[in-house]
Every structure is written in structure tokens, then in C-alpha cells.
């Protein structure tokens, strides 16, 4: 009887899934591929390694890992990003990389100790329940393996942290109990989460690194891409429009994008953003 009742209940909509399926992150990730390739080459990947790329998008780091000879599973909460990733794999005729849907807070479909390396670059930090995320990453990584995260840093003066800071001023307050994803950029918070998952503090290390967005169009066009396709920015514009502050928001962001562009050709974009690189030895 309970099974029949459960079947009749409306399915709960995962707000995180709804958020990341709202826009089209492939438009942003296209500007991240060059830096993604450079970053992955630093991970010491060897042929035959088993790698999980968690909250992987459409393969900014998963596909470079596969090109280095690893067997890569990309997991993302967004169905369209999973589809886009698998299409990129098919186009490249890669047989050692695949994408599937999954929640970084609950990787129930993955067995314990399945991977030599678990990666999440600007991805799992946006999942709710950060202690669950840390626990799951540790659980699916083999003893002697590694976890590598790239996380944006709260208050950092560079692009992404400032986008999120500016946008937060135009959006309604988050619901009670909300935990900011930016706390993944605070060393003490990251240490606490992985210690709770059973990792000694001395096996957790940090460094501040730089990630570059590159586009063959202007910073103003790059801002339009964020406005039209990046879910958090889309939400901010919608809220600002309701309050009659859309022009004010756009002006603030336009100043930011122009200021951060380091390309001498103003018709192109080269913007670096600082992030916290986390390495965990399991």
C-alpha cells in the first residue's frame, strides 16, 4: 500500500537541479576549455587511472583527463550538461570517458573506493549539504588516492567572486539554513568538512591559483553571456528587473568585466580569476 501511495505522490523538484538546468552553462564552459586543459595536466594523471569528475559540466576537466589516458566518469546534476558532455565525447570518439546524472551530495549509484582521483573544479561547491559532499568524495575515492577541488574564494577581488557578490545584492535573501557555496573557498571550512569525513588535517593542503576565461569577443559580450546563460546571474537580473534596478546591476557588472579584462584587444576577452585549489590525500 505504501508503495502505491509513494508512486502517487508528486515528485520533489530538486532546487539545485532546477537552478543548473535553467541556463546553458555550455556557453560559459566554452571560454574555460584552454585553462581546463592546462589545469588537468598538472594533476599527474597516468594512463589507466580511474577518475571521477564531480559536477563536471560538459567536460571542461573530464575530457582533458580522458585525453591523457585515464578512464573518466563525469557526474553532473544537470541532464542537459550530461547530454552535452556525452555528445562531446562522441565527437572526439573517446571510449574512456562517459557522463551520467548524479547528485554530489548523494552518489548512491557509485560504489565505495571506486576512483584513484576525484576532481571537482567549480562544481561540487555549489551543491547543498557540504558535509555530505565531502563524505561522498572521500567514500568513492580509494585509500591512497586523491581529491582535488577548485573553489571560488569569498570576497576575492577577481571576476567570479565579484560577480556572485554583486548579484547577491540584487537577489532576495536566501532561505533559512542556506549554506553559501563560497564557504568552500575558506580553508578552515574545507578542513572541517573533510575532517568530519575522516581525513586528518595534515592530509589536506591548499594553494591559491588562477583560472583564465578566454573568448573571441568583447567583455561586454561576455557579460551578456553570463546574463543570458549563467543561472545565478540570470536570477539576479530577473530580481533586479522586478525592482526596477536592472540597468544598475548591468552597469556594475559591465564595469567589473571591463576592468578585469587583460586582453590588449578590446574586442576580445582574457580574464583571470583567483580560486582555492584543495588537495586531499585519502
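Among the numbered conditions (1) touching a residue at least 24 places away in the same chain (Cβ under 8 Å); (2) more than 23 Å from residue 120 (Cβ to Cβ); (3) touching a strand residue (DSSP E or B) at 6+ places or on another chain (Cβ under 6 Å), tell me where residue 249 comes up short.
Every condition holds for residue 249 apart from (3).
Quick check on my filter: what residues within the range 30-49 are under 14 Å from the mean Cα position of the chain (by Cα) and under 17 Å from residue 94 (Cβ atoms)?
33, 36
Taking the conditions exactly as written (modelled with pLDDT of 95 or more, surrounded by fewer than 16 Cβ atoms within 10 Å (Cβ to Cβ) and assigned to a loop (DSSP other than H, G, I, E, B)), does residue 262 satisfy them or not?
For residue 262, the condition - modelled with pLDDT of 95 or more, surrounded by fewer than 16 Cβ atoms within 10 Å (Cβ to Cβ) and assigned to a loop (DSSP other than H, G, I, E, B) - is met.
Can you tell me which residues in the range 131-159 are surrounded by fewer than 22 Cβ atoms within 10 Å (Cβ to Cβ) and more than 25 Å from residue 44 (Cα to Cα)?
Those that are surrounded by fewer than 22 Cβ atoms within 10 Å (Cβ to Cβ) and more than 25 Å from residue 44 (Cα to Cα): 131, 132, 154, 155, 156, 157, 158.
May I ask you to verify whether residue 163 is within 17 Å of the chain's Cα centre (by Cα), at pLDDT below 95 and outside any strand (DSSP E or B)?
For residue 163, the condition - within 17 Å of the chain's Cα centre (by Cα), at pLDDT below 95 and outside any strand (DSSP E or B) - is not met.
List the number of the failed condition for residue 234; all other conditions in (1) closer than 18 Å to residue 130 by Cα; (2) surrounded by 14 or more Cβ atoms within 10 Å (Cβ to Cβ); (3) in contact with a helix residue (DSSP H, G or I) (Cβ under 9 Å, 6 or more places away or on another chain) hold.
(1)
Restrict the check to the range 131-148 and report whether at least one residue is modelled with pLDDT of 95 or more and closer than 24 Å to residue 272 by Cα.
Among the residues of the range 131-148, at least one is modelled with pLDDT of 95 or more and closer than 24 Å to residue 272 by Cα, which makes the answer yes.
Identify the single condition in (1) out of contact with any strand residue (DSSP E or B) (no Cβ under 6 Å at 6 or more places or on another chain); (2) assigned to a helix (DSSP H, G or I); (3) surrounded by fewer than 22 Cβ atoms within 10 Å (Cβ to Cβ) that residue 64 does not satisfy, given that it satisfies every other one.
Residue 64 satisfies every listed condition except (3).
Could you check the range 83-130 and list, in sequence order, the residues that are under 20 Å from residue 276 (Cα atoms) and either in a loop (DSSP other than H, G, I, E, B) or out of contact with any helix residue (DSSP H, G or I) (no Cβ under 9 Å at 6 or more places or on another chain) (or both)?
Across the range 83-130, the qualifying residues are 104, 122, 123, 127, 128, 129.
If you go through the range 69-82 one residue at a time, how many are part of a helix (DSSP H, G or I), touching a helix residue (DSSP H, G or I) at 6+ places or on another chain (Cβ under 9 Å) and crowded, with 16+ Cβ neighbours inside 10 Å?
1
Just a yes or no: is a residue in the range 238-255 under 19 Å from residue 15 (Cβ atoms) and either crowded, with 16+ Cβ neighbours inside 10 Å or within 20 Å of the chain's Cα centre (by Cα) (or both)?
yes
So, in the range 191-220, how many residues would count as being touching a residue at least 40 places away in the same chain (Cβ under 8 Å) and either under 19 Å from residue 262 (Cα atoms) or surrounded by fewer than 17 Cβ atoms within 10 Å (Cβ to Cβ) (or both)?
18
The values are calculated or read from the model by the stated rules, or taken from the named source; none is laboratory data. None of these values were measured; they are calculated from a predicted model. Counting neighbours? That spans all protein chains shown, and the Cβs are built from the backbone with ideal geometry, glycine included.
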